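Asks: My questions will all concern the structure given below.
The values are calculated or read from the model by the stated rules, or taken from the named source; none is laboratory data. It should be emphasised that the depicted structure is a prediction, and the values quoted were computed from it without experimental measurement. As a convention, Cβ positions derive from the backbone with ideal geometry for all residues, glycine included, and neighbour counts pool all protein chains shown. Only protein heavy atoms, including side chains, enter the accessible area calculation; ligands, DNA and RNA are left aside. Shrake-Rupley method; radii C 1.70, N 1.55, O 1.52, S 1.80 Å.
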Amino acid sequence: MALVICDMSISLDGYVTGPNASRTTPFGDGAGGLHDWMFEKPTDSDRQYLEDAIAQCGAIVMGRTSFDKTVNEWGPGGPLASARSFVVTHHAPEGHADYTFVADGVASAIGQAREAAGDKWVGLHGATVMQQALPLGLVDEIYVHVVPLLLGGGTPLFASLGSAIRLERMPTPHSPAVDHLRFRVVNQAG
């Protein structure tokens, strides 16, 4: 069965967006640098990490807010043309045939994504989807890329989990631009 992996850049204070994230500023105020390690100033090891992640991703699950804020940037194929995208939403918008809209919750979306991914992994995009999936025991691994930036507000990656979740550290690549951290979810019982 496909692994479900949360793979996100975060600020040192734990935010995946800055304050005032919207369609015009998807990452919010002051958060443009969260992804410089991938796009603006990638090292060879960062580039290799990104290429490996793209090659291993077979499906993506995101929330409606992530979809709304970034669909115009990604275009019709979604964030990765090679990976099918599932959007958790109450109401499916019209005109986006390349996306699968799932109205019966994050567990259903992840189940469908696992089937679509085959032997590749399912990537979670967006803090809310991860916050819903983790307490349900649906997240296998968490990869965070800690950027040397303090945002002071925005969308936190870890919020409202309800109980403690034990993690096991995994080997990570080195980068001078960002601290890559990888964890396997060990115990979700609290």
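Asks: State the number of residues belonging to the stretch 52-74 that are touching an Asp or Glu at 6+ places or on another chain (Cβ under 9 Å) and not hydrophobic (A, V, I, L, M, F, W, C).
Replies: Result for the stretch 52-74: 1.
Asks: Hey, residue 171 hits all of (1) out of contact with any helix residue (DSSP H, G or I) (no Cβ under 9 Å at 6 or more places or on another chain); (2) modelled with pLDDT of 95 or more; (3) open to solvent by 30 Å² or more (accessible area, probe 1.4 Å); (4) not aliphatic (A, V, I, L, M) but one; which does it fall short on?
Replies: Here residue 171 meets the rest and fails (2).
Asks: With the condition kept exactly as written, say whether any residue in the stretch 61-80 is closer than 26 Å to residue 173 by Cβ, small (Gly, Ala, Ser), open to solvent by less than 30 Å² (accessible area, probe 1.4 Å) and free of Cβ contacts under 8 Å to residues at least 24 places away in the same chain.
Replies: Taking every residue of the stretch 61-80 in turn, at least one turns out to be closer than 26 Å to residue 173 by Cβ, small (Gly, Ala, Ser), open to solvent by less than 30 Å² (accessible area, probe 1.4 Å) and free of Cβ contacts under 8 Å to residues at least 24 places away in the same chain.
Asks: Answer with yes or no whether residue 52 is in a helix (DSSP H, G or I), within 17 Å of the chain's Cα centre (by Cα) and within 20 Å of residue 183 (Cα to Cα).
Replies: Values: in a helix (DSSP H, G or I): yes; within 17 Å of the chain's Cα centre (by Cα): yes; within 20 Å of residue 183 (Cα to Cα): yes.
Considered against the rule, which asks whether it is in a helix (DSSP H, G or I), within 17 Å of the chain's Cα centre (by Cα) and within 20 Å of residue 183 (Cα to Cα), residue 52 comes out as yes.
Asks: Among the candidates 107, 83, single out the residue that is of a type outside the set (Ser, Thr, Tyr), free of Cβ contacts under 8 Å to residues at least 40 places away in the same chain and either buried (at least 17 other Cβ atoms within 10 Å of the Cβ) or out of contact with any strand residue (DSSP E or B) (no Cβ under 9 Å at 6 or more places or on another chain) (or both).
Replies: On the way: 83 fails: free of Cβ contacts under 8 Å to residues at least 40 places away in the same chain.
None of the other options fit; the residue is 107.
Asks: Looking at (1) over 18 Å from residue 157 (Cβ atoms); (2) open to solvent by 80 Å² or more (accessible area, probe 1.4 Å); (3) in contact with a strand residue (DSSP E or B) (Cβ under 9 Å, 6 or more places away or on another chain), which one does residue 40 not meet, given that it meets all the others?
Replies: Of (1) over 18 Å from residue 157 (Cβ atoms); (2) open to solvent by 80 Å² or more (accessible area, probe 1.4 Å); (3) in contact with a strand residue (DSSP E or B) (Cβ under 9 Å, 6 or more places away or on another chain), only one is false for residue 40: (3).
Asks: Just to check your reading of the model, which residue among 48, 112 is open to solvent by 50 Å² or more (accessible area, probe 1.4 Å), touching a residue at least 12 places away in the same chain (Cβ under 8 Å) and closer than 24 Å to residue 133 by Cα?
Replies: Unique residue meeting the criteria: 112.
Asks: Being over 21 Å from residue 157 (Cα atoms) and hydroxyl-bearing (Ser, Thr, Tyr): is that true of residue 65 here? Talk me through it step by step, then tell me what you get.
Replies: Values: over 21 Å from residue 157 (Cα atoms): no; hydroxyl-bearing (Ser, Thr, Tyr): yes.
Answer is no for this residue.
Asks: So is residue 122 part of a loop (DSSP other than H, G, I, E, B), in contact with a helix residue (DSSP H, G or I) (Cβ under 7 Å, 6 or more places away or on another chain) and modelled with pLDDT of 95 or more or not?
Replies: On the way: part of a loop (DSSP other than H, G, I, E, B): no; in contact with a helix residue (DSSP H, G or I) (Cβ under 7 Å, 6 or more places away or on another chain): yes; modelled with pLDDT of 95 or more: yes.
No.
Asks: Right, residue 178: over 16 Å from the mean Cα position of the chain (by Cα), modelled with pLDDT of 90 or more and β-branched (Val, Ile, Thr) or not? Steps first, please.
Replies: Numbers: over 16 Å from the mean Cα position of the chain (by Cα): yes; modelled with pLDDT of 90 or more: yes; β-branched (Val, Ile, Thr): yes.
In short, yes.
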